[in-house]
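This report refers to the structure that appears directly beneath it.
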Amino acid sequence: MTRNVTRRSFLRRALHGAGALPLLTAGACARGRGRPNFLVITLDTTRADRLSCYGYERPTTSNLDRLAAESIFHREAYSTSSWTLPAHASLFTGKFVSSHGARYHPEGEFVLSAALEEGQGLDVYRANAISPEETTLAQVLADAGYLTGAVVAGPWLKRVFRLDRGFDFYDDTGIAGVGGRPAPSVTYSALRWLKEVEDKPFFLFLNYFDAHAPYAIHEEFVRRYVPPSIPLDNERALSPAQSMLVRNAMYDSEIHFMDDSIGQLMAGMRDLGLYDATEVIVTADHGELLGEHGMTGHGKNLYQEVTRIPFFVKPPHGEGAPSESSRRVQILDIFPMVAARAELSAPENVQGVAHGTPARPVIAEVFPLETASSRGSCQCLWEGPHKFVLNGNGTHELYDLESDPREQKNLLTALPERARELETRLTNYLNSLPTAAPSTAPQQVDPETSEALRNLGYAG
C-alpha cells in the first residue's frame with residue numbers, strides 16, 4: 001500500500017546540483033508574438049472533483065488553482081477511456097479507442113506476462129499499442145519545426161507502447177518501481193530540457209503519476225484527516241471504514257504532493273522567461289473509484305468518477321481573458337486544438353474537434369479482459385442530461401446526471417424510448433468509426449516494464 005518517496009528535497013537538490021537556471025534573452029520572453037509554445041500536462045488517475053478549483057473542500061491544488069484562474073476552464077470534460085494507455089493514445093492521435101486500437105486485447109501484440117513468475121495464469125494478459133501507421137500530435141508539430149519533448153512517469157507510457165513517436169526527447173527513465181516516477185523527478189527533467197530550448201518554439205508533454213495507487217505516505221498532509229490512532233502503514237490492522245478513510249486521505253495527499261511539484265515547474269518556467277509565451281493545457285487521463293458503487297480502482301467501467309477529468313487551458317499572455325465553459329470537451333480534442341492554435345492542419349481522420357460544440361458524439365470506451373470484469377466491454381454516450389452505458393453482458397444503464405450525478409438510479413426501464421434512442425445513436429456512431437490497423441505478431445515487453453505493470457496491479 002505504501003512506497004517511500006523523497007519529496008520536495010529531491011527537486012531542490014537536483015536543481016542545486018545542476019546549477020542555477022538562467023534567464024533567457026528578452027527575445028525569448030517576447031516569443032508570444034509568433035508561434036506559441038505548448039505544454040500539455042496529464043495528471044494520471046486524477047478525478048476532477050478532487051481538485052479544489054473544481055469545488056473540492058480540501059485544499060489539494062493551490063498551484064493548479066492559480067493556473068486555472070488564468071485559463072479557459074472547462075467544467076464538463078471527459079476522457080475517452082478509464083485507464084492510461086487508451087486515454088493517452090486518444091490525446092496523441094485525436095481518435096477514439098475503437099479507431100486507434102490501443103487497448104486490452106486477448107490476442108494483443110504485447111504479452112504483459114513476460115518476465116513474470118510462472119504459474120500466475122497471466123499468459124493471456126495482453127494489450128495492443130497504437131498502430132505504427134498512426135500520426136501523432138508530436139509528429140505534426142515536429143514536422144512544423146517545433147522542438148518536441150516528453151517526460152513520463154507511468155509504465156503504460158514507456159516507449160514500448162509507441163506513444164513516443166514524434167518526440168525528439170522522450171524521458172521514460174526511473175519507472176521500474178511500484179509507484180512509477182515521483183513528481184519532483186518529472187519536474188526536474190522538464191526544467192533541465194527547457195533550459196536548452198533557447199528561442200525555438202517547443203511542445204512539451206508531462207505525465208505526473210503520483211495519484212495512481214499504491215500511494216505514498218505524505219504524513220504532514222494525511223494526518224490532517226486521519227487521527228493519530230489510525231496507522232498509515234498497516235492496512236491489515238484497519239477496519240473497512242478506516243481503510244477507506246486512509247485511502248481517500250492518501251489519494252488527496254498525492255494530488256497535493258503533485259501540485260507542489262507543478263508549482264515548482266511554473267516558477268521555473270517564469271524564471272526561464274517561458275511562462276507567458278506558452279499555452280498550458282492541464283487535464284487527466286482518467287479518474288479513480290474510491291468506494292463509490294462499492295468499487296475501487298479504474299479500467300473496468302465508465303462511471304463518472306473514472307471518466308470526468310479536469311481540463312483547462314492557459315493561453316499565452318495577452319491572447320484571451322480567463323473564462324469558464326460548460327460545454328463538453330474530451331481528451332481527444334487536444335490534438336486539433338493545439339494544431340489549430342499553431343496554424344497547422346490536423347490529419348483529416350482526426351475525430352476530435354477544436355472549437356465550439358462537438359460535431360460528433362461524446363463517448364468513452366473500455367475493453368477489460370474477461371478475467372478482470374464480468375461486464376465485458378463498456379461503451380457510453382453523454383447527451384443532454386443523460387448518459388447511456390452499453391455493457392457487453394447486456395446489463396445496460398441510463399442515468400440522468402442532472403438529478404442523479406452519482407449514478408445511483410438506472411432509468412433503463414423507466415425511460416425505455418430514450419434508452420433505445422441513445423443506444424441506436426451510440427452503436428451507429430461506433431459502427432461508423434474506422435477501425436485500427438491489425439496488430440503485429442505478439443511481442444514481449446521488457447522485464448522492467450513488465451515488473452512495474454505487475455506490481456501496479458495491471459497484470460495480476
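The values are calculated or read from the model by the stated rules, or taken from the named source; none is laboratory data. Please read all numbers here as calculations on a predicted model, not as lab measurements. Neighbour counts are summed over all protein chains in view; Cβ atoms, including those assigned to glycine, are modelled from backbone coordinates with ideal geometry.
Of the residues that make up segment 190-205, is at least one in contact with a Ser or Thr (Cβ under 9 Å, 6 or more places away or on another chain), surrounded by 19 or more Cβ atoms within 10 Å (Cβ to Cβ) and among the small types (Gly, Ala, Ser)? For segment 190-205, residues in contact with a Ser or Thr (Cβ under 9 Å, 6 or more places away or on another chain), surrounded by 19 or more Cβ atoms within 10 Å (Cβ to Cβ) and among the small types (Gly, Ala, Ser): absent.
In segment 288-335, the qualifying residues are those that are assigned to a helix (DSSP H, G or I) and polar (S, T, N, Q), and the one that is surrounded by the most Cβ atoms within 10 Å (Cβ to Cβ) is 307. Count of segment 229-283 residues, restricted to those that are among the hydroxyl-bearing types (Ser, Thr, Tyr) and in a loop (DSSP other than H, G, I, E, B), is 3. Filtered by the rule that a residue be at pLDDT below 60 and surrounded by 18 or more Cβ atoms within 10 Å (Cβ to Cβ), segment 403-449 gives 439, 445.
Listed by position, the helices (runs of 4 or more DSSP H) enclosed by segment 1-96 that each have at least 1 residues that are among the aromatic types (Phe, Trp, Tyr) and at pLDDT below 50 are 8-18.
Residues that are part of a loop (DSSP other than H, G, I, E, B), surrounded by 24 or more Cβ atoms within 10 Å (Cβ to Cβ) and modelled with pLDDT of 90 or more: does segment 104-115 have at least one? Checking segment 104-115: not a single residue is part of a loop (DSSP other than H, G, I, E, B), surrounded by 24 or more Cβ atoms within 10 Å (Cβ to Cβ) and modelled with pLDDT of 90 or more.
In this structure, does residue 153 turn out to be assigned to a loop (DSSP other than H, G, I, E, B) and in contact with a Pro (Cβ under 8 Å, 6 or more places away or on another chain)? Yes: the conditions hold for residue 153. Residues in segment 156-214 that are among the hydroxyl-bearing types (Ser, Thr, Tyr) and in contact (Cβ under 8 Å) with a residue 60 or more places away in the chain were compared, and the one that is farthest from residue 86 (Cα to Cα) is 188. Could you check residue 142 against (1) more than 20 Å from residue 103 (Cβ to Cβ); (2) over 19 Å from the mean Cα position of the chain (by Cα); (3) surrounded by 23 or more Cβ atoms within 10 Å (Cβ to Cβ) and say which number it fails? Condition (3) is where residue 142 drops out. A search for C-beta distances below 7 Å between a residue of segment 404-419 that is touching a residue at least 24 places away in the same chain (Cβ under 8 Å) and any residue that is of a type in the set (A, V, I, L, M) and part of a loop (DSSP other than H, G, I, E, B), counting only pairs 6+ apart in sequence or on different chains, returns 419/412.
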